[in-house]
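The structure under discussion appears below in the form of structure tokens.
The values are calculated or read from the model by the stated rules, or taken from the named source; none is laboratory data. As the structure is a prediction and not an experimental result, all values here were calculated from the model. Neighbour counts are summed over all protein chains in view; Cβ atoms, including those assigned to glycine, are modelled from backbone coordinates with ideal geometry.
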Amino acid sequence: MKKLLVVLSALLIAACGEDKPAQPETTAADKPAAQVAATDKVLEVYKSPTCGCCGAWVDHMKENGYTVEVHETDNLQPIKEKAGILPGAGSCHTAFIDGYVIEGHVPASDVDRLLAERPQGKGLTVPGMPVGSPGMEMGDRMDAYDVLLFDENGTAVFSHHAGN
């Protein structure tokens, strides 16, 4: 079972191997005052250097007022293990902000809510790579998906995003 999860994780990472030009990093000084007020916290993102969907998610977070530091690596497994990502709950990139883990294509609005409400848990995850989630846009198509709050004991639905 563990070998299957490792293989599936590798396939997820490989599936987003679309090359995308590097984007300049955003700092608080680059943003309008209203966006800086939304969050002055830094989102640290660990992703593959060739992952286009991860880069698109980073852009989504920047567009929603987050300061983002990107760390590119070819081996995300140690980061996911350190973050406590449960088997089957992983995705293609892992981020950290203010003591929480953000795994995968979590919408900025859910990160905003997490930071405002500060629930007990390690963080949020969107397992896999659902079509229509931030960074996984495919035209007007949007699959239904859940954002899960997780800890070492399991997961609970934090929010639901309806499909079309």
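Here are the numbers for this structure:
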item	result
Total residues in the stretch 66-86, condition more than 22 Å from L114 (Cα to Cα) and not in a helix (DSSP H, G or I)	6
Flag for V147 being under 24 Å from G65 (Cβ atoms), part of a strand (DSSP E or B) and in contact with a His (Cβ under 9 Å, 6 or more places away or on another chain)	yes
Test: residue in the stretch 54-69 that is without any contact (Cβ under 8 Å) to a residue 60 or more places away in the chain, in contact with a Phe, Trp or Tyr (Cβ under 6 Å, 6 or more places away or on another chain) and of a type outside the set (A, V, I, L, M, F, W, C)	no
Qualifying residue in the stretch 121-130 (condition: hydrophobic (A, V, I, L, M, F, W, C), free of Cβ contacts under 8 Å to residues at least 60 places away in the same chain and over 18 Å from S48 (Cα atoms))	yes
Test: T67 is within 11 Å of the chain's Cα centre (by Cα) and either modelled with pLDDT of 95 or more or of a type outside the set (S, T, Y) (or both)	no
Considering residues of the stretch 91-102 that are buried (at least 24 other Cβ atoms within 10 Å of the Cβ) and assigned to a loop (DSSP other than H, G, I, E, B) only, the residue nearest to the chain's Cα centre (by Cα)	H93
Breaking point among (1) assigned to a loop (DSSP other than H, G, I, E, B); (2) modelled with pLDDT of 95 or more; (3) surrounded by 23 or more Cβ atoms within 10 Å (Cβ to Cβ); (4) in contact with an Asp or Glu (Cβ under 7 Å, 6 or more places away or on another chain), for P130	(3)
